[in-house]
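Colleague: My questions all concern the structure below.
The values are calculated or read from the model by the stated rules, or taken from the named source; none is laboratory data. Remember, predicted model here, so these are calculated numbers, not experimental data. When we count neighbours, we look across all protein chains shown, and the Cβ atoms used for this are built from the backbone with ideal geometry, even at glycine. Surface accessibility is based on the protein's heavy atoms, side chains included, excluding ligands, DNA and RNA. Shrake-Rupley method; radii C 1.70, N 1.55, O 1.52, S 1.80 Å.
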Amino acid sequence: MNLTNNICQFSIAQANDALSLGQVEGYAALYYDPTNSGSTYHVSDTVQVRLARTAFQNLNHQKNDVTVFFGHQMDSVPLARTSSQSAKVWLDNIGMRFSFSLPKTKLGEEIYVALQRGDLSQMSFSGEIEKATWGREGNVSVKTIHSFSRILEVSIVSNPAFLGTSARLVAGLVEEARKALEIQARIEKARGGF
């Protein structure tokens, strides 16, 4: 066992925890599901966009990292990114999932409060389309995206194209509960309890 390596990893984990307000997770994109209207982008009454189950097949082979932003502001400081391991992006049978560590910054604090209040609860993404087809269903034109050559970023947003996306704070609330228990334990100890 390499003690130096373990201490170094522990210190990095502690530093990352100290720089994070909590963990955010959810879905940045959903594959088309005819039973879920949130998996279709209703551009207008006559135009829809859908994501085929193959849309993100290149994500697992993507060499560049995926960044996390607020509101697609790609010229700003990212909230997280996969190359720094402060974000993860993966696929499941519903769509493209994500998890990221919300940084202790002014914007991070604003997002944290908005997530707690429910003012922010959805996601979006941008990418380079590799293959798409157009079809018609009655008087509606339907664009089906079959694949992206790469995903550029995922963003926490207030007005997503795909209404079924989601973002929720998961670890921040756990951290607050842990701190409350620690305070309660200190109070009990001060009172002579155990």
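Colleague: Is there any pair linking a residue in the stretch 63-76 that is within 17 Å of P103 (Cα to Cα) to one that is in a loop (DSSP other than H, G, I, E, B) and hydroxyl-bearing (S, T, Y), with Cβ under 9 Å and at least six apart or on different chains, and which?
Modeller: V68/S86; F69/S76; F70/S76; G71/S158
Colleague: So which residues in the stretch 88-113 are in contact with a Ser or Thr (Cβ under 8 Å, 6 or more places away or on another chain) and either closer than 25 Å to P34 by Cβ or buried (at least 17 other Cβ atoms within 10 Å of the Cβ) (or both), if there are any at all?
Modeller: Result: V89, G95, F100, S101, L102, P103.
Colleague: Between G127, G135, G164, which is farther than 17 Å from L102 by Cα, at pLDDT 90 or above and in contact with a helix residue (DSSP H, G or I) (Cβ under 7 Å, 6 or more places away or on another chain)?
Modeller: After applying the criteria, what remains is G164.
Colleague: Out of curiosity, is S76 open to solvent by 30 Å² or more (accessible area, probe 1.4 Å) and more than 16 Å from A167 (Cβ to Cβ)?
Modeller: Against the criterion (open to solvent by 30 Å² or more (accessible area, probe 1.4 Å) and more than 16 Å from A167 (Cβ to Cβ)), S76 qualifies.
Colleague: Go through the residues of the stretch 9-20 one by one and say whether even a single one is modelled with pLDDT of 95 or more, among the β-branched types (V, I, T) and either in a loop (DSSP other than H, G, I, E, B) or surrounded by 11 or more Cβ atoms within 10 Å (Cβ to Cβ) (or both).
Modeller: no
Colleague: What number of residues within the stretch 82-115 are under 13 Å from Q23 (Cα atoms), outside any loop (DSSP other than H, G, I, E, B) and among the charged types (D, E, K, R)?
Modeller: 2
Colleague: Consider only pairs whose beta carbons are under 7 Å apart and that are at least six residues apart or on different chains; among these, list those whose first residue lies in the stretch 19-43 and is over 14 Å from R97 (Cα atoms) and whose second residue is in a strand (DSSP E or B) and among the polar types (S, T, N, Q).
Modeller: What qualifies is S20/S101; Y32/T40; T40/Q48; Y41/Q48; H42/Q48.
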